[in-house]
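Peer 1: This structure is in structure tokens; I'll ask about it shortly.
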Amino acid sequence: MEQEKLFEEVKSIFNRMVDDTIEIKPETASRDVKKWDSLNHVMFIAEVEKVFGIRFDLIEMLEIRTIADICKAVEKQLQSK
């Protein structure tokens, strides 16, 4: 999947899951978004897994700190399918 298209899809999922007015960029991290707490993090990852038909292991989930991190993790999972 093209990186820009992947970013836009992840950004769309994030915007649906976390109600915040911040502009989402690849470097946006959990510390930048007031409503991105641990529960929203898990729900966001679960929705990404559902949309893309993939599964992250616990280590991958713990390493995700930015939008770019989740895009890279999704890309890696899609390539290994």
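Peer 1: Within the group ILE70, ILE54, which residue is modelled with pLDDT of 95 or more, aliphatic (A, V, I, L, M) and outside any helix (DSSP H, G or I)?
Peer 2: Answer to the selection: ILE54.
Peer 1: What's the total number of residues in the range 43-67 that are in contact with a strand residue (DSSP E or B) (Cβ under 9 Å, 6 or more places away or on another chain) and aliphatic (A, V, I, L, M)?
Peer 2: 1
Peer 1: Let me ask something additional. Give the residues of the range 1-51 that are among the small types (Gly, Ala, Ser) and in contact (Cβ under 8 Å) with a residue 12 or more places away in the chain, sorted by residue number. Step through it out loud before you land on a result.
Peer 2: Our first condition is that a residue be among the small types (Gly, Ala, Ser); within the range 1-51, this holds for 12, 29-30, 38, 46.
Result: ALA29, SER30.
Peer 1: When only residues in the range 1-48 that are of a type in the set (Lys, Arg) and under 13 Å from the mean Cα position of the chain (by Cα) count, which is surrounded by the most Cβ atoms within 10 Å (Cβ to Cβ)?
Peer 2: Ranking the candidates gives LYS11 first.
Peer 1: Of the residues that make up the range 51-74, is at least one hydroxyl-bearing (Ser, Thr, Tyr) and within 10 Å of the chain's Cα centre (by Cα)?
Peer 2: Within the range 51-74 (the criterion being hydroxyl-bearing (Ser, Thr, Tyr) and within 10 Å of the chain's Cα centre (by Cα)), the answer is yes, since at least one residue qualifies.
The values are calculated or read from the model by the stated rules, or taken from the named source; none is laboratory data. The model shown is predicted, which means the values in this text are computed figures rather than measured ones. Note that each Cβ is placed from the backbone with ideal geometry, even for glycine, and that neighbours are counted across all protein chains shown.
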